[in-house]
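Q: Let me begin by handing over the structure; questions about it come next.
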Amino acid sequence: MIHQYDEPVYLISIVAKILDIHPQTLRQYERENLICPSRSNGRIRLYSQRDIDKIKLILRLTRELGVNLAGVDIILRLKENVDDMEAEIAELRHKVARAQNNHSVSPDKALVTKKSIYEMIIFK
């Protein structure tokens with residue numbers, strides 16, 4: 001049986017075994033608001049594949065790169081912001097392409113793009 005990426009199906013003991021970590025580590029990550037597993041009606045934690053992938057990222061940051069949990073929190077927030085912005089950019093590019101294909105932008109108007117985000121200021 002194949003489950004959806006976001007479908008909460010794994011118990012804490014299974015996730016701990018898969019990732020070779022103690023269940024208390026998962027509880028600590030939840031207390032630190034790094035992960036937020038779903039709960040069953042009986043308040044049992046249920047993890048999705050997305051949760052497991054996020055935990056793998058947390059473990060890589062802490063074990064391999066030596067980042068503390070406060071740093072992990074900042075990195076995860078920044079990653080989420082970047083992902084949101086990339087999705088928005090993709091959507092805007094799609095809208096521009098659609099508008100160009102529909103010729104809804106008149107030929108006498110041009111789309112202006114900025115060549116660089118940096119401006120040079122010279123002081124004398």
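A short reminder: the numbers here are calculations on the coordinates, not readings from a lab. The model shown is predicted, which means the values in this text are computed figures rather than measured ones. So basically every Cβ, Gly included, is an ideal-geometry build from the backbone, and we count neighbours across all protein chains shown.
Q: Can you name the number of the only condition in (1) surrounded by 13 or more Cβ atoms within 10 Å (Cβ to Cβ); (2) over 20 Å from the mean Cα position of the chain (by Cα); (3) not acidic (Asp, Glu) that ILE2 fails?
A: (1)
Q: Looking only at the stretch 32-52, how many residues end up being surrounded by fewer than 11 Cβ atoms within 10 Å (Cβ to Cβ) and under 22 Å from ILE74 (Cβ atoms)?
A: Counting residues in the stretch 32-52 that are surrounded by fewer than 11 Cβ atoms within 10 Å (Cβ to Cβ) and under 22 Å from ILE74 (Cβ atoms) gives 1.
Q: Just to be sure, is LEU26 under 20 Å from LYS79 (Cα atoms) and surrounded by 15 or more Cβ atoms within 10 Å (Cβ to Cβ)?
A: No: the conditions fail for LEU26.
Q: Among the residues of the stretch 72-102, write down those that are over 21 Å from ASP6 (Cβ atoms) and more than 15 Å from the chain's Cα centre (by Cα).
A: ILE89, LEU92, ARG93, HIS94, LYS95, VAL96, ALA97, ARG98, ALA99, GLN100, ASN101, ASN102
Q: Can you pull out the residues in the stretch 28-76 that are part of a loop (DSSP other than H, G, I, E, B) and among the polar types (S, T, N, Q)?
A: Those that are part of a loop (DSSP other than H, G, I, E, B) and among the polar types (S, T, N, Q): ASN33, SER40, ASN41, SER48, ASN68.
Q: So, ARG39, is that one in contact with a strand residue (DSSP E or B) (Cβ under 8 Å, 6 or more places away or on another chain) and basic (Lys, Arg) or not?
A: Details: in contact with a strand residue (DSSP E or B) (Cβ under 8 Å, 6 or more places away or on another chain): yes; basic (Lys, Arg): yes.
Yes.
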